[in-house]
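Have a look at the structure below, then the notes.
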Amino acid sequence: PDEISGHTVVAIGKNAFSYKKFKELIIPETVRVINESAFSNVTVDNSVEFPAGIQIDEKAFFSADMPKEVTIPDDSYVGKQAFAYADLDALTLGENVTLDDEAFYYSEVSELYVSSGNTIGEKAFYSCSKLRKIDSQGNTDTVESVIDKQAFAYCDGLETVNIPAYFTTIGEESFYYA
């Protein structure tokens, strides 16, 4: 809910819903922060919706079983290991999304769609062996974007990589053993 006892919900606390099962998970527009481990080891069957500008803290969805497609909306931040070891299929990053180091470390993501203004942190997708495709959403903005070092290292299943021109920085060993 966006309100509890007349108070606006602006954050979801640490371990608030760990190990729960949901048919769908819709985070209200009023929520600005999902705290550490809030949904760790959760199972979501159908869909997950995040509001734009959300801050998803460290290990918030650690080892979560997510629906097939997940979108991180524009102007959002995803913390260290926020989705590490998570099981999801397609991931879409909105514009100006920042992924901290190891954000999707060892996750089961198979397709990644990037956008202008993305910052993909160090080892963000490290050892995501099921990752087959990296592509753009088709936006042509010129906001500089960054792929940090070892961001896709050991993603040994990569078949298609389309890095748009707005990625002006690609760190060392970004695709090491990929």
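I need a count of the residues in the stretch 88-102 that are closer than 22 Å to G157 by Cα and either open to solvent by less than 20 Å² (accessible area, probe 1.4 Å) or at pLDDT 95 or above (or both).
Qualifying residue count for the region: 8.
Tell me yes or no: at least one residue of the stretch 140-153 is in a loop (DSSP other than H, G, I, E, B), within 23 Å of E58 (Cβ to Cβ) and touching a residue at least 40 places away in the same chain (Cβ under 8 Å).
yes
If I filter the stretch 103-125 down to residues being assigned to a loop (DSSP other than H, G, I, E, B) and open to solvent by 50 Å² or more (accessible area, probe 1.4 Å), which single residue comes out as nearest to S47 (Cα to Cα)?
For the stretch 103-125, the residue satisfying everything is E108.
Just to verify a result, which residue in the stretch 126-171, among those that are of a type in the set (D, E) and more than 23 Å from A82 (Cα to Cα), is surrounded by the fewest Cβ atoms within 10 Å (Cβ to Cβ)?
E159
Could you grab the pairs with beta carbons closer than 7 Å, sequence gap of 6+ or different chains, first residue in the stretch 1-23 and closer than 20 Å to A86 by Cα, second one of a type in the set (A, V, I, L, M, F, W, C) and not in a loop (DSSP other than H, G, I, E, B)?
Every condition considered, the pairs that remain are I12/I34; F22/V44.
The values are calculated or read from the model by the stated rules, or taken from the named source; none is laboratory data. The model shown is predicted, which means the values in this text are computed figures rather than measured ones. Methodologically, a virtual Cβ is constructed for each residue, glycine included, from the backbone with ideal geometry; neighbour enumeration extends over all protein chains shown. Ligands, DNA and RNA are excluded from the accessible area calculation, which covers all protein heavy atoms including side chains. Shrake-Rupley method; radii C 1.70, N 1.55, O 1.52, S 1.80 Å.
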